[in-house]
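The values are calculated or read from the model by the stated rules, or taken from the named source; none is laboratory data. Since the structure is predicted, the reported quantities are computational estimates derived from the model, not experimental observations. Reconstructed Cβ throughout: ideal geometry from the backbone, glycine too, with neighbour counts over all protein chains shown. What goes into the accessible areas is simple: the full protein's heavy atoms, side chains included, and nothing from ligands, DNA or RNA. Shrake-Rupley method; radii C 1.70, N 1.55, O 1.52, S 1.80 Å.
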Amino acid sequence: MVNTELPNAPKGQTVPDIAHGPGLNSDDDRLLIEPFKGTPEEIERQWFEQVYLARGRGMRQLTFRAVMMGSLLGGILSLTNLYIGLKTGWNFGVAITACIMSYAIWTVLLKIRLARTPMTILENNCMQSTASCAGYSTGGTLTCAFAAYIMLTGNSLPVPILLGWVFFLAVLGVTMAIPMKRQMINVEQLRFPSGLAAAETLRALHAHGEGGMRAARALGWSGLIAAANNFWMDGFKLISTKLEPYSLSALITKGNEALIGKTWMGRTVLFSWDPVFIAAGAISGIRVGVSMLVGGTLCWMVFVPLLERNGITTATGFRDLVQWTLWGGTACMVTSGLMSFVLQWRSAVRAFANLGGMLKRRKPSKLNSMEEIEVPGSWFIFGQLFALIGIAILAHHTFQMPYWQTALAVVLSFGLALVACRVTGETDFTPMGAMGKVAQLIFGGVNPGNAAINLMAGNIAAGAATSSADLLTDLKSGYLLGAHPRKQFLAQFAGIFIGTIVTVLCFRILVPDATRLGTDQFPAPSAQTWKAVAEVLSNGIATLGPIKAWSLAIGALLGVLFPLLAVCFPRHERYVPSAAAFGLAWTFPWYYSLLFFLGGLMVWAFEKGRPKLARDFTFPVASGVIAGGSLMGVFLIFWENGWEMIKKMLGM
């Protein structure tokens, strides 16, 4: 599953091949992936008897240790998503990473006898649900809509307001998925590829311990190396100013000055070294990497020099130049997301056609006790009312948003989340960006000229879509393993609390004000996109000037053209640039595009030469690099500025 503010990078895309070892495909062990046949009642009865009764009933699932482990890992991994989100706009699913880390930690605890019994596969499934919600569902809107609000107004929201917004949005999205689960997972049995990948990973970990430990060791070592690299990059100066000339960043800067020169460095055309971006490129693949490199080169080596040559701008440095480049990139990302959504219109039609089936309560029969284990519809009603009231009060108090407009945004978010969840189930592609932009466009007409309300309306839709799709993806893994859906829902819901607290407090420390955003440290490309859309809808295109207006038009055209070319020439789709990646390259420095490309190129060559090793280790190594590098980056920021930021945040 992928947050489509960015190029497609499904969290199950390159799962370690530990799921395909010898002895795992027996009739008793293999996952029942092929869909059941019959009427809805017959399909549910078959799953209940062949999967739940045969495998799941009686096995430990929702336990205190599973929720605590999930909360711990989710809280830690939420920092990686917060950091990488501010860097690149990406939000990576953390379920598979949490599964591998949990297995490794619990294995060590068993060996040193701090734990008495191993976790069952369904305990680990509940654990990854808690971790996924804490690490993925709560922080996404902070790095896009809320960061855009800070950039737009120059002011940050108080911590209690942020806590309330993130919590209520997560509750809205998680409970919104309740009626969708029965139809999309039980009856239609949509694949939800990332959920399938997580189930396969869990099955493999519990079937072949050595294979799981190899993946865990690869993840751990790569994380340590990435953390050490980040410390060498930026940590020496925190120990002593005398060590700063020997830091990796200082050495690379000297090399750039000697080989490239300050003129090109001012255009961000230089070499940098950040394994986090290489790992992101490895997960994303060669098509995304090439698209970014092409887009970034056209932007920073062609477009920016032309602006300078014609005297349109004399600005240097990323923060000033991106105010010219972001418009074409933003338009390309927005229209490509909307076009991809339009091209999947059949999914949208099926979503609304089956709405009645989702809300219908089925009568239990003697052979089918699904009603006893499914999440009750009353939880959906209570959760939606609870979240609506909370969001309405916050929106009215903070942005003077009329109550009826909040209600409209919530109703709209249900329809958009319905579509987003179906698209995720069929393609592993969560159109969070497209859903948010649809809401922004609608509220551009409902409440024109109010950029803050425009952002928050899009925020509600995007937050609901993300949380709903994440819950259904996790419930799919439980469905395949024979989990109790009500218990898994409670595990997922538990992750909201730790995720909200960790992401909000750390976001305020990392981003105390607008000066941290739109910089080399935190380019915040997703926030740039949201801010640009809100400004255009509030002020009108005419206020931008001819260069930016033409950039918008050309970028929008390319955003429509690239997806159409991919559909018209499916055999040559791999040669068509990814519009989202191409546009993203115009919103962050050129050297990030180069690193993305290098990551994709390395994995492409690895897969060609050693396909088995690539399947086994690409995902664990890339995940470890992202986790280790991101956590060290957060740690260094806390070390340098943490105490002063905390005092400022608390008003001390």
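In this structure, is Thr406 under 26 Å from Trp379 (Cβ atoms), at pLDDT 90 or above and crowded, with 23+ Cβ neighbours inside 10 Å? Yes: the conditions hold for Thr406. In a residue-by-residue description of the range 321-329, the property of being modelled with pLDDT of 90 or more, open to solvent by less than 10 Å² (accessible area, probe 1.4 Å) and within 23 Å of the chain's Cα centre (by Cα) applies to no position. Any residue that is out of contact with any strand residue (DSSP E or B) (no Cβ under 9 Å at 6 or more places or on another chain), farther than 24 Å from Phe596 by Cβ, hydrophobic (A, V, I, L, M, F, W, C) and surrounded by fewer than 21 Cβ atoms within 10 Å (Cβ to Cβ) - is there at least one of those in the range 255-277? Checked against the condition, which is being out of contact with any strand residue (DSSP E or B) (no Cβ under 9 Å at 6 or more places or on another chain), farther than 24 Å from Phe596 by Cβ, hydrophobic (A, V, I, L, M, F, W, C) and surrounded by fewer than 21 Cβ atoms within 10 Å (Cβ to Cβ), the range 255-277 yields at least one hit. Being closer than 29 Å to Phe497 by Cα, modelled with pLDDT under 80 and hydrophobic (A, V, I, L, M, F, W, C) holds for only one residue in Leu219, Leu172, Leu224, Leu162, and it is Leu219. I'd like to know if the range 51-64 contains one or more residues that are aromatic (Phe, Trp, Tyr) and either over 28 Å from Met456 (Cβ atoms) or in contact with a His (Cβ under 8 Å, 6 or more places away or on another chain) (or both). Checked the range 51-64: at least one residue is aromatic (Phe, Trp, Tyr) and either over 28 Å from Met456 (Cβ atoms) or in contact with a His (Cβ under 8 Å, 6 or more places away or on another chain) (or both). Name every residue in the range 590-623 that is of a type in the set (Phe, Trp, Tyr) and either under 21 Å from the mean Cα position of the chain (by Cα) or open to solvent by 50 Å² or more (accessible area, probe 1.4 Å) (or both), in order of residue number. Correct list: Tyr592, Phe596, Phe597, Trp604, Phe606, Phe617, Phe619.
Quick check on Ala581: is it touching a residue at least 12 places away in the same chain (Cβ under 8 Å) and on the phi > 0 side of the Ramachandran plot? In short, no. The test for being surrounded by fewer than 16 Cβ atoms within 10 Å (Cβ to Cβ), in contact (Cβ under 8 Å) with a residue 24 or more places away in the chain and small (Gly, Ala, Ser) holds for Gly317.
Name every residue in the range 289-311 that is open to solvent by less than 10 Å² (accessible area, probe 1.4 Å) and either under 13 Å from Val603 (Cβ atoms) or in contact with a strand residue (DSSP E or B) (Cβ under 6 Å, 6 or more places away or on another chain) (or both), in order of residue number. Listed by number, the list holds a single entry, Gly289.
Got a number for residues in the range 367-421 being assigned to a helix (DSSP H, G or I) and of a type in the set (Asp, Glu)? Result for the range 367-421: 2. For the condition in a helix (DSSP H, G or I), at pLDDT 80 or above and either farther than 23 Å from Gly444 by Cβ or aromatic (Phe, Trp, Tyr) (or both), Gly311 does not qualify. In the range 484-518, the residue that is surrounded by the fewest Cβ atoms within 10 Å (Cβ to Cβ) out of those that are closer than 16 Å to Leu82 by Cα and polar (S, T, N, Q) is Thr500.
Can you find even one residue in the range 447-461 that is within 30 Å of Ile43 (Cβ to Cβ) and open to solvent by 30 Å² or more (accessible area, probe 1.4 Å)? Scanning the range 447-461, I find no residue that is within 30 Å of Ile43 (Cβ to Cβ) and open to solvent by 30 Å² or more (accessible area, probe 1.4 Å), so the answer is no.
Within the range 108-127, the presence of at least one residue that is of a type in the set (S, T, N, Q), assigned to a helix (DSSP H, G or I) and touching a residue at least 60 places away in the same chain (Cβ under 8 Å) is confirmed. Just so you know, in the range 54-71 the residues that are in a helix (DSSP H, G or I), in contact (Cβ under 8 Å) with a residue 12 or more places away in the chain and hydrophobic (A, V, I, L, M, F, W, C) include one that is nearest to Ser369 (Cα to Cα), and it is Ala54. Tell me which residues, restricted to the range 454-490, are aromatic (Phe, Trp, Tyr) and within 30 Å of Tyr403 (Cα to Cα). Phe489, the sole residue that qualifies. Out of Ala464, Ala491, Ala457, Ala527, one residue alone is among the small types (Gly, Ala, Ser) and modelled with pLDDT of 90 or more. It is Ala491. If you go through the range 25-36 one residue at a time, do you hit one that is part of a helix (DSSP H, G or I) and either over 15 Å from the mean Cα position of the chain (by Cα) or at pLDDT below 85 (or both)? No. Condition check for Cys126 on (1) under 20 Å from Asn81 (Cβ atoms); (2) crowded, with 24+ Cβ neighbours inside 10 Å; (3) among the hydrophobic types (A, V, I, L, M, F, W, C): one failure, at (1).
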